[in-house]
1. Find the strands (runs of 3 or more DSSP E) located wholly in segment 60-133 whose residues include 3 or more that are surrounded by fewer than 15 Cβ atoms within 10 Å (Cβ to Cβ), and list them.
2. Only one of (1) at pLDDT below 95; (2) in a helix (DSSP H, G or I); (3) surrounded by 13 or more Cβ atoms within 10 Å (Cβ to Cβ) fails for residue 15. Which number is that?
3. Could you tell me whether residue 78 is without any contact (Cβ under 8 Å) to a residue 60 or more places away in the chain and closer than 18 Å to residue 119 by Cα?
4. Just name the residue that is surrounded by the fewest Cβ atoms within 10 Å (Cβ to Cβ) out of those in segment 29-42 that are in contact with a strand residue (DSSP E or B) (Cβ under 6 Å, 6 or more places away or on another chain) and without any contact (Cβ under 8 Å) to a residue 60 or more places away in the chain.
5. Mind listing whichever residues of segment 35-59 are under 23 Å from residue 95 (Cα atoms) and either within 13 Å of the chain's Cα centre (by Cα) or in a strand (DSSP E or B) (or both)?
């Protein structure tokens with residue numbers, strides 16, 4: 001199952017946004033309210049999704065200054081999270097950001113997980129915009 005956030009216009013240049021997203025210590029403020037017990041360092045994070053599961057994440061790859069891929073170290077489902085950044089053609093001090101998730105789910109789990117995953121990508125996109133407002 002692939003899900004994407006709406007593109008968010010971020011009031012910062014692409015390099016600044018990429019550097020912000022390259023440190024998991026900055027991710028806590030991007031998470032939905034259902035994420036609890038947050039712990040992080042620069043390269044990993046872990047948290048609980050209330051009533052669902054504990055998740056631990058790490059970076060899989062970083063392509064300066066346009067793509068960051070995050071994968072689970074510990075998770076009940078297999079997925080990857082892509083943070084895509086694109087420079088704004090009209091204003092170099094703005095960036096367009098999209099959050100995508102690709103989860104390997106059977107149809108039964110997909111029915112249960114679709115709404116929380118949609119919420120995750122949309123909340124992350126919205127909050128990323130707020131951080132740089």
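1. On the way: elements: 67-74, 78-87, 95-104.
The strands (runs of 3 or more DSSP E) meeting that bar are 67-74.
2. The number of the failed condition is (1).
3. Numbers: without any contact (Cβ under 8 Å) to a residue 60 or more places away in the chain: yes; closer than 18 Å to residue 119 by Cα: yes.
Yes; evaluated as a whole, the condition is true for this residue.
4. Just the residues of segment 29-42 that are in contact with a strand residue (DSSP E or B) (Cβ under 6 Å, 6 or more places away or on another chain), to begin with: 34-39.
Narrowing the set further to residues that are without any contact (Cβ under 8 Å) to a residue 60 or more places away in the chain leaves 35-39.
Numbers: 35: 18, 36: 12, 37: 10, 38: 15, 39: 12.
That would be 37.
5. Hit for segment 35-59 is 59, nothing else.
The values are calculated or read from the model by the stated rules, or taken from the named source; none is laboratory data. All values reported here derive from a predicted model rather than from experimental measurement. Cβ atoms come from the backbone with ideal geometry, glycine included; neighbour counts cover every protein chain shown.
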